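Working notes, beginning with the structure itself.
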Amino acid sequence: FVGTGLAIVPFIGFALTSLGGVSGEASWMITSILGIAAYAFAAMRLQSEFVSYATIAFVISLSLSVVPTLQLSVVWYFISIVSLSTLVDLISLLRPSLLPDVFTNALRNSSLLLTPITLCLSLGFVSVMDLWMYWLLFALSTLQYLFIALITGRSIYDLVVRVLAQITLMIVAVDISANFALESRLTMITAVWSGLCLIQVVYSLLLVRTQDQTSRVQEQWWIGLGL
């Protein structure tokens with residue numbers, strides 16, 4: 001009975017649009033809000049992780065529905081998803097008790113998947129998105145994985161943060177140099193790239209734990225790539 005009731009919720013939007021005369025954007029947002037309320041309540045009462053994932057889907061739907069409602073550009077679809085993932089990880093770091101136990105794993109797993117998928121999808125909109133949109137998107141992604149690295153302490157996320165930070169700063173450099181003459185632009189981009197590589201080398205020399213074989217090998221790779 002509960003499952004049937006929850007399955008009906010997504011059809012509220014169709015009813016509001018076709019029978020109630022509500023605009024598509026408004027019905028999308030209303031359905032998302034009702035879905036969050038219904039599915040979150042069911043997830044906590046049933047202690048169902050499956051329903052908690054469905055709740056997260058409605059949270060994502062709500063964040064996306066804001067974009068057409070406010071008539072924002074396409075980049076805000078991607079920014080809203082990455083911002084949502086970053087917020088979830090920030091709460092997990094600072095106030096983990098705010099999240100009901102049934103949502104903890106679902107939120108963390110979802111945030112890890114949403115950002116790389118969002119970044120990959122954004123590359124399909126190169127023709128309609130400006131460079132500042134990309135560096136903002138990658139900067140938010142870097143911030144999110146920084147939170148994850150602090151939460152988990154796993155070196156793989158430190159690696160992701162370093163890669164994303166390098167990409168973000170290079171996009172910023174390319175964007176800033178866009179109005180320069182070609183020779184000046186190439187000089188600036190080369191200087192920024194060299195500077196970032198030098199920072200990676202210094203960071204690896206400071207970070208390496210010489211007694212740890214894995215750390216030593218990993219940082220040797222970074223130093224080699226940086227050089």
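Just checking the listed ones, L64, L34, L206: in the Gaussian network model of the chain with Cα springs under 10 Å, the one fluctuating most is L206. Helical content alone sets the calculated 222 nm signal of the chain at -27500 deg cm²/dmol, taking -39,500 (n - 2.57) per DSSP H segment of four or more residues and averaging over every residue. On a per residue basis, region 100-142 carries 51 Å² of accessible surface, using protein heavy atoms and a 1.4 Å probe.
Computed from backbone phi with θ = phi - 60° and the Karplus coefficients 6.51, -1.76 and 1.60, the 3J(HN,Hα) list for region 62-72 is 5, 5, 6, 5, 5, 4, x, 4, 8, 6, 8 Hz; x is used for glycine and proline. The computed P(r) over Cα pairs in 10 Å bins from 0, in percent for the structure shown corresponds, within (1) 8, 32, 39, 18, 3, 0; (2) 7, 24, 28, 22, 12, 6, 1; (3) 7, 29, 32, 20, 10, 2, to (2). The residue list P116, I91, M129 was ranked by how far each Cα lies along the charge dipole of the chain toward its positive end, using unit charges on Cβ atoms, and I91 comes out on top. Rolling a 1.4 Å probe over the protein heavy atoms of region 58-186, with every protein chain left in place, gives an accessible area that is 71 percent carbon and sulfur.
The values are calculated or read from the model by the stated rules, or taken from the named source; none is laboratory data. The structure presented is a predicted model; accordingly, all values stated were derived computationally and were not measured. Glycine also receives a Cβ, built like all others from the backbone with ideal geometry; neighbour counts cover every protein chain displayed. Accessible surface is based on the protein model in full, side chains and every heavy atom, while ligands, DNA and RNA are left aside. Shrake-Rupley method; radii C 1.70, N 1.55, O 1.52, S 1.80 Å.
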